[in-house]
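Worksheet: one structure, shown below.
Where a number appears in this text, it was derived from the coordinates with a stated rule and is not lab data. It should be emphasised that the depicted structure is a prediction, and the values quoted were computed from it without experimental measurement. Don't worry about glycine lacking a Cβ; one is built from the backbone with ideal geometry, like all the others, and counts go over all protein chains shown.
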Amino acid sequence: MSLALCTTSHTPLMGRAEPAPEAAGRVEAAFDRARAFIGDYDPELVVIFGPDHYNGFFYDMMPPFCIGAAAESVGDYGLPKGPLPVDADAAHAISREVLASGIDVAMSERMQVDHGFCQPLELLFGSIDAVPVVPVFINCVAEPLGPVGRARLLGEAVGRAAVATGKRVLVVGSGGLSHDPPVPRLDSAPPPVVERLIAGRNPTAEERAAREARVVDAIAAFAAGTSDLMPLNPRWDQEVLAVLASGELERVDDWRNDWFVEQGGHSAHEVRTWIAAYAALAVAGRYEVETSFYEAIPEWIAGFGLTTARSLT
């Protein structure tokens with residue numbers, strides 16, 4: 001069975017901060033093309049690689065990778081709260097294949113996911129519960145991070161399991177590209193924030209609202225040019241997109257972690273979700289990118305990309 005792919009940036013500022021009308025129109029047109037691509041493919045299962053932003057995964061036990069056999073949206077940034085329709089049998093089968101491939105992966109029967117998973121599901125399918133899913137968490141912010149090449153190997157193992165299902169499987173990568181939002185870091189955060197990074201699960205509605213307001217204000221300052229956050233890097237973003245489109249995915253094994261930060265900002269590591277998705281697609285053979293969109297959108301603090309691709313075999 002062939003596979004198909006969609007990778008997309010996400011941003012909590014979508015719907016809260018408006019870019020120039022022309023830019024917003026181009027983004028919506030790109031999503032229209034992606035939705036048409038997905039509708040034509042008609043997936044029976046969606047395997048989505050996504051990060052977390054200290055909403056579901058914390059330093060009390062931070063795995064590099066985790067597969068959810070059940071998952072619930074925390075409902076951050078106004079997104080729906082509640083369970084995702086996880087295909088538990090597929091999740092268990094994927095976990096077995098990944099472990100058999102020598103990739104150490106955690107499993108969760110009670111995963112919590114945030115906008116990194118739920119926003120793409122809302123934008124691409126209309127709701128977070130429209131299609132059976134398997135969520136695959138990739139740690140992209142909580143240092144120390146493993147080598148980038150491990151995300152590629154994870155994707156290959158997930159791809160083999162996806163092919164073995166015999167279903168039409170859409171692999172989704174959610175994150176990136178260049179961006180350096182105000183995500184706290186354990187080694188430099190004040191003690192109360194350190195405690196939240198370790199054990200901040202299930203905040204009150206007031207605590208979540210205050211946290212989100214701080215992020216919105218910081219990104220508004222970035223868009224206004226009054227912030228010291230790292231600027232977007234369209235040149236680096238285009239380089240990454242070109243490598244993924246080329247199919248020469250082994251090249252990512254030479255990408256150093258500090259290179260990501262130097263070129264794209266700390267959260268550029270979310271590109272790991274795209275790498276995993278493309279590696280999964282490559283398991284089915286040669287692939288072709290059908291649509292590719294990119295625009296640097298400072299109002300969303302995002303080098304915003306959206307691609308679709310399908311295997312040719």
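General remarks:
- Net charge of neighbours whose Cβ lies under 13 Å from the Cβ of Ala69, counting Lys and Arg as +1 and Asp and Glu as -1: -2
- Among complete DSSP H helices in the chain, those whose alpha-carbon atoms stretch at least 15 Å along the helix's long axis and whose mean Kyte-Doolittle hydropathy reaches -0.5 are 21-41, 88-100, 148-164, 205-224, 234-246, 271-282.
- In the range 68-154, GluC sites (Glu not before Pro) in a DSSP loop with at most 13 other beta-carbon atoms within 10 Å: Glu109
- The chain: radius of gyration over Cα atoms, expressed as a fraction of 2.2 N^0.38 Å: 0.91
- Cβ crowding within 10 Å ranks Arg35, Arg150, Arg185 as Arg185, Arg35, Arg150, fewest other Cβ atoms first.
- Here the Gaussian network model covers the chain, with springs between Cα atoms less than 10 Å apart; of Thr273, Thr291, Thr11, Thr291 fluctuates the most.
- For the range 3-311, the residue among Ile297, Met14, Leu170 whose Cα projects farthest onto the positive side of the dipole built from Cβ charges is Leu170.
- Summed side-chain charge close to Ser227 - residues other than Ser227 whose Cβ falls under 15 Å, Lys, Arg +1, Asp, Glu -1: -3
- The spacing between the range 169-231 and the range 111-139, judged by their C-alpha centroids, is 19 Å.
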